[in-house]
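Student: Take this structure first; my questions come after.
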Amino acid sequence: MATHRRSRATGVRSVAAGSWIALVAATMLGDAADALRAEVRADDFTGAGLYRLVVQSYDIHGGHVPGRDTRPVGSVQRAVTADELRNGVHVSLLEMREAADASHLNAPMVLAWIEAGAPDLEFDGRAARPGPGSVYGIAKRRPVGGVLQISLNRKVLA
């Protein structure tokens, strides 16, 4: 993962050895963007076929699935198999927020879930939310780099 350092003299953020998404975020979009890397696992998942994995990051607190009116700052979707989920799926997503907004340092959360089917949502699944029966996981994002671990160990009831 890219580590971001803010120079005391200039206040400019630099990217030290990381993903290409972090490099693009830092050079093209500045402080309004950041990159997040996560590993999503579902150790006991025994499904068959293709699944849609959606990962969203939020600048809000909470341990529950956000409502439809809450917009994620970052989102990505991809096709996965049960085998891949048991081994851990690595994803990177670009987070977009208001310039100079430091609310992501206050313990934002990351939500990940799987649904049957291929990734056929709009471009990145930003407006999607897990439906009844979806297996999901929530993690608190650490404010300093690294790969966030998300375990799909909950189920949406209704």
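Student: Quick one: which strands (runs of 3 or more DSSP E) sit completely within the stretch 12-77 and have at least 1 residues that are closer than 15 Å to Glu115 by Cα and modelled with pLDDT of 90 or more? Working first, answer last.
Tutor: On the way: elements: 13-16, 33-41, 50-58.
In the stretch 12-77, the matching strands (runs of 3 or more DSSP E) lie at 33-41, 50-58.
Student: Continuing with this model, one more query. Quick check on Gly63: is it without any contact (Cβ under 8 Å) to a residue 60 or more places away in the chain and of a type outside the set (A, V, I, L, M, F, W, C)?
Tutor: no
The values are calculated or read from the model by the stated rules, or taken from the named source; none is laboratory data. This structure is a prediction, so every number in the text was calculated from the model and none was measured. For neighbour counting, all protein chains shown are included, and Cβ atoms are generated from backbone atoms with ideal geometry for every residue, glycine included.
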